[in-house]
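First, the structure itself, so that you have it in front of you.
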Amino acid sequence: MSDLNNTDLHEEPESSVTVIEKQAQRRIFKIIVIGDSNVGKTCLTYRFCSSKFPDKTEATIGVDFREKTVNVEGEQIKLQLWDTAGQERFRKSMVQHYYRNVHAIVFVYDVTKMSSFENMPGWICECDQHNLNRDIPRILVGNKCDEKEKIAVNTNLAQKFADSYNMPLFETSAKDDEKANHVDAIFMTLAHKLKNAKPMMPPYLTVQLGDNAQRRGLERASTEERNDSCSC
Amino acid sequence: MTAVKEISMISKRFGDEFCSEEASKNNNSRQSVKRNKEFNKSEKWQNIEKTLEQDPVDVSSLKQFAISPGGLLDDELRKEIWPKLLDVDVDNIPPKPGIEVLHGHRDYNQVVLDVNRSLKRFPPGMDENIRLGLQDQLVDLIMRVLVNHDELHYYQGYHDICVTFLLVVGEDVAFALVDKLSLNHLRDFMDANMDRTKHILNYLYPIVGKSNPELREFMERSEVGTVFSLSWLITWYGHVLNDLRQIVRFYDFFIACHPLMPIYLAAAIVLHRADEILACECEMCFVHGLLSKIPQDLPFEQLISKAGDLYLQYPPADLAYDAILNFQKTQSYAKARSKNLQKFTRNKKIDKKHWFIFDHDRKNGFLKFTFWTVTTAVVSAAVIAYLRSFEWEW
């Protein structure tokens, strides 16, 4: 189901003890990639983590996980990309679990398919319903822009939409080898944002200290609540 | 229940050595050698042919062949035996409806998207034109079932099951077989939503926990959930295994068994990999990363036996309570957390700095205790009602 691609760009031969210590200091950021079926979520994450376009892509069933360690301003940062299934039934039941503790969201649409762009408000709304901190970085990616003759989503329209949600827009192609650096740049932009926005304790240490299910977000479980949802 | 009988018979022949988890752990390699000696393919082939010559054919013997080592051995035998196992009359298969009917279905576009991306499921080196023809047939096969039963909903992964049948028995017979399976073994996956699929996944932890409580505790603590096994369950492993031979071997087993058997096999795989899992960082991403990728060289025959063994030791009825408890636990947790965060994000008096502290300073054991006390109380009250409504009769 999943390709686990741990591409460490700066791996050096070191003693195992040193490596573990370094890992302990390495910050981990969890990024969820969402959007309609067949917009290229798997290809984008695969392109970034493996530096190539996958030969044979398949429908994602449930959630796939990929990761890559990158160097941002001298700091090793691990980006965990959670690639989700696009079919509605999965996102309604299965994907919710993966919204937890995410540090950034990548919304993906297909520039050749208007419906995948039109569904974006729905995806954003869904994120809001999952109570993600609205300050976490979100980016909008229009994929498949190599198919120039089929482009259906106008850049200006997409830019206006992105502006209205205060997120940057990137149009790219996971398939086009010439755009490979562009895909990298998108995720690196996100990595920079995350690095500078979150001067926090390394998640690795947080885990070690026992940040488990019962301790994340359940303190006020029994207090009175009211719904805070968007209109969708 | 017939499936129990079948597995029981097989278990008597091959199961003694797998009865004890400890014995199985210690003696895997020795057992595997022993098993290979016991399994004589040509002898089994002869026995299958003898059974097929009988009129009426003894279906329970065929089920036994499908479950026992090697399964049904060959696709020619499968063509003949799978319809018998599913009580399908291959001489009276309804004709294919017109294109406009097939293409007018609500799920047609999604099916086409998924079939177009299913290249990996066709044998490597297959001529492109043949493959394209088969992909067209695959779309038609799926649409025929969906059109035939309006209550069934397509899910991504259903195409992985259908392509397996298509490659072994051809479009028409595949339609008849998948049509039958969709109303039985696969029915729970084909609701409008995935609630019942989730419920089946909730059987995984109870089965694992009965055999290896430490492993269950570790997996729960990691919060890995069950989604790593979702594609195993709903595609009958077709999505995650590369070798079609291995996939059809599993299909022999699943067709002949209780619909929950794929989850028992999932438990067998997880238990088999216990040492690897326990050596892993106890965190969702690490455990998910490890488990979601099934090594292609696992001792699959042994795992089939193990799954049968687990089924006998811990039949679904014995696990229903625990599975519901598991379901309730995850639901309560998700709901509680969701509500809590909603309130928290609304509270404008608390600035980001506090948010940061809140997010990372959670070590109060009392709160943990309170949560579980509340959850247990709620669950206990709900469980009796649920037990009545979730009786598993297949």
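The values are calculated or read from the model by the stated rules, or taken from the named source; none is laboratory data. Please read these numbers as outputs of a predicted model, since none were measured by experiment. Using ideal geometry, Cβ is built from the backbone for each residue, glycine included, and neighbour counts are taken over all protein chains shown. Calculation scope for accessible area: heavy atoms of the full protein, side chains included, ligands and nucleic acids excluded. Shrake-Rupley method; radii C 1.70, N 1.55, O 1.52, S 1.80 Å.
Is the C-alpha gyration tensor of the range B:99-190 telling us rounded, prolate or oblate? Criteria: a/c under 1.5 is rounded; beyond that, a/b larger than b/c is prolate, otherwise oblate.
prolate
If you take each beta carbon of peptide A:90-102 and count the beta carbons of other chains within 10 angstrom, what is the mean?
Across the residues of A:90-102, the mean count of other-chain Cβ atoms within 10 Å is 4.
Hey, can you list the residues from the range A:30-72 whose accessible area shrinks by 30 Å² or more with all protein chains present, relative to the chain by itself (probe 1.4 Å, no ligands or nucleic acids)?
The answer is A:Ser37, A:Asn38, A:Lys56, A:Thr57, A:Glu58, A:Ala59, A:Ile61, A:Phe65.
Residue by residue through the range B:236-248, what is 3J(HN,Hα) from phi via Karplus (6.51 cos²θ - 1.76 cosθ + 1.60, θ = phi - 60°)? Round to whole Hz and write x for glycine and proline.
Once rounded to whole Hz, the list reads 6, 6, x, 7, 10, 9, 8, 8, 4, 4, 5, 4, 5.
Using a 1.4 Å probe and counting only protein heavy atoms, how much accessible surface gets buried when A and B come together, both sides summed, in Å² to the nearest 100?
By this definition, chains A and B bury close to 6200 Å².
Holding the Cα-Cα limit at 24 Å, pick out from A:Lys92/A:Lys193; A:Lys30/B:Lys293; A:Lys150/A:Lys179; B:Lys63/B:Lys198 the pairs that are longer than that.
A:Lys92/A:Lys193; B:Lys63/B:Lys198
Size of the dipole of the range B:32-155 about the Cα centre, Lys and Arg at +1 and Asp and Glu at -1 on the beta carbon, nothing else charged, in debye to 20?
720
Taking a label point 7 Å from the Cα of B:Gln54 along the Cα→Cβ vector, which residues of the range B:71-94 have an amide N closer than 20 Å to it?
B:71-74, B:77-89
Continuing with the same structure: Using alpha-carbon positions, what is the distance between the centroids of the range B:165-217 and the range B:256-312, in Å?
Answer, in whole Å: 15.
Still on this structure, I have one more. For A:Lys193, A:Lys78, give me the order by solvent-accessible area with a 1.4 Å probe, most accessible first, ignoring ligands, DNA and RNA.
A:Lys193, A:Lys78
Also: As a test question: what accessible area, to the nearest 10 Å², does A:Ser51 have when a 1.4 Å probe is rolled over all protein chains in place?
For A:Ser51, solvent-accessible area is about 70 Å².
For the range A:26-201, what is the per residue volume of the convex hull drawn over the alpha-carbon atoms, in cubic angstrom?
Convex hull of Cα atoms, per residue: 112 Å³.
What list of ³J(HN,Hα) values in whole Hz, one per residue of the range A:33-42 in order, does the Karplus curve 6.51 cos²θ - 1.76 cosθ + 1.60 (θ = phi - 60°) give from phi, with Gly and Pro shown as x?
Those phi angles translate into 10, 10, x, 4, 5, 6, 8, x, 5, 5 Hz.
Ok, one more. What number does the range B:32-170 give for Rg over Rh if you use C-alpha atoms and the Kirkwood radius?
Taking Rh as the inverse mean 1/r over Cα pairs, Rg/Rh reads 1.05.
Right, here's the next one. Label A:Ser50 and B:Glu214 with points 7 Å out from Cα along Cα→Cβ: what is the distance between them in nm?
A separation of 3.5 nm, rounded to one decimal place.
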